[in-house]
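Derivation of every value follows stated rules applied to the coordinates shown; laboratory data play no part. This is a predicted model, so every value here is computed, not measured. In this analysis, Cβ positions are derived from the backbone assuming ideal geometry, glycine residues included, and neighbour counts consider all displayed protein chains.
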Amino acid sequence: MNAAVIVFPGSNREKDVARALTAATGRAPAFVWHAETALPPGTDLVVLPGGFSYGDYLRCGAIAARAPVIAAVRAHAARGGLVLGICNGFQILVETGLLPGVLMRNANLRFVCRMQHLRVERNDTAYTSHYEPSQVIEVAIAHGEGNYVAGAETLARLEGDGRVAFRYCDRDGVVGGAANPNGSMHDIAGIYSEKLNVLGLMPHPENLIDPLVGGTDGLLFFESLAAA
Amino acid sequence: MKARVLVTLKTGILDPQGKAIEDALRALAVEGVESVRQGKVFDIKLALTDSAKAEGVLREACEKLLANQVVENYQVELG
């Protein structure tokens, strides 16, 4: 698994995801500056990391989505290559149009930074093969704009095609109510592209790979990728 | 030529910021406010004199970057 982590001005989780990828795949990813126009030859996985690219100017992810490197990321996705966007990376993916919908300000207007349970909606993708069906995992969330919004038609298509990757839930896997931290429609925490090769999610599995920091539920995510 | 672009949330899209401002105005006893929706204003200077062309450029700017048309509408005003 050759991974490339794209770095934008204001990215701040690129080293976290690099550590997780190295732990799971045994190989350190390449860091690619946003002004590059090509990915390293042989790239299997592109990661858009968390952070505050361009200080969240205009809209979260809006400027980064128009960066020079994005044309290469689009081409990689179009070839069926894996593209993972975490947190700000998810915001960038919806701004590029590689994933549908938009991430709005959290419904309660607060930045949420805490542990959160998620339900793994399917375990037959490159990102989730090491999880059990409907497994409930606990990972960290840290965002102010994670409220997933999409039109009724888009939501119906996402649900119909099984493209919801993760849903916010409580420890028992029950969705809705207080288990939804930001007001996301259908409790959506992450979604796939049509071919399941592009994934955007708000939570941070890359921060839960070591018992020292409170859990290892994120490690299976990266071990799935390592086996992909 | 000077222009102003207004970007606003589409009807029906939840605007928690607008709602918070609305509540704050109420708390300040500003009477008669029914609702508040927050948007963005862009003042743009154009190196163009033809208004049809200017409008085309501004629409392109909105569609490529200034507005996210999933949830936002835009309006172009030439000054």
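A few points about this structure:
- Selection from region B:66-79 of residues that are within 14 Å of B:I44 (Cα to Cα) and either of a type in the set (S, T, N, Q) or part of a helix (DSSP H, G or I) (or both): B:L66, B:Q75
- Of all the listed residues (A:L109, A:L93, A:L48), the sole one being closer than 25 Å to A:V139 by Cα, hydrophobic (A, V, I, L, M, F, W, C) and touching a residue at least 60 places away in the same chain (Cβ under 8 Å) is A:L93.
- Inter-residue pairs, beta-carbon under 8 Å, first among the basic types (K, R) and in region A:122-151, second not in a loop (DSSP other than H, G, I, E, B), 6+ apart: A:R122/A:A165
- Test for A:A75: is it part of a helix (DSSP H, G or I), out of contact with any Asp or Glu (no Cβ under 8 Å at 6 or more places or on another chain) and surrounded by fewer than 20 Cβ atoms within 10 Å (Cβ to Cβ): yes
- Options A:A3, A:A35; residue that is crowded, with 23+ Cβ neighbours inside 10 Å, farther than 26 Å from A:G144 by Cα and away from chain B (no Cβ under 14 Å): A:A3
- Condition met for A:P68 (part of a loop (DSSP other than H, G, I, E, B) and in contact with a strand residue (DSSP E or B) (Cβ under 6 Å, 6 or more places away or on another chain)): no
- Test: residue in region A:211-223 that is touching a Phe, Trp or Tyr at 6+ places or on another chain (Cβ under 7 Å), surrounded by 18 or more Cβ atoms within 10 Å (Cβ to Cβ) and within 17 Å of A:E132 (Cβ to Cβ): yes
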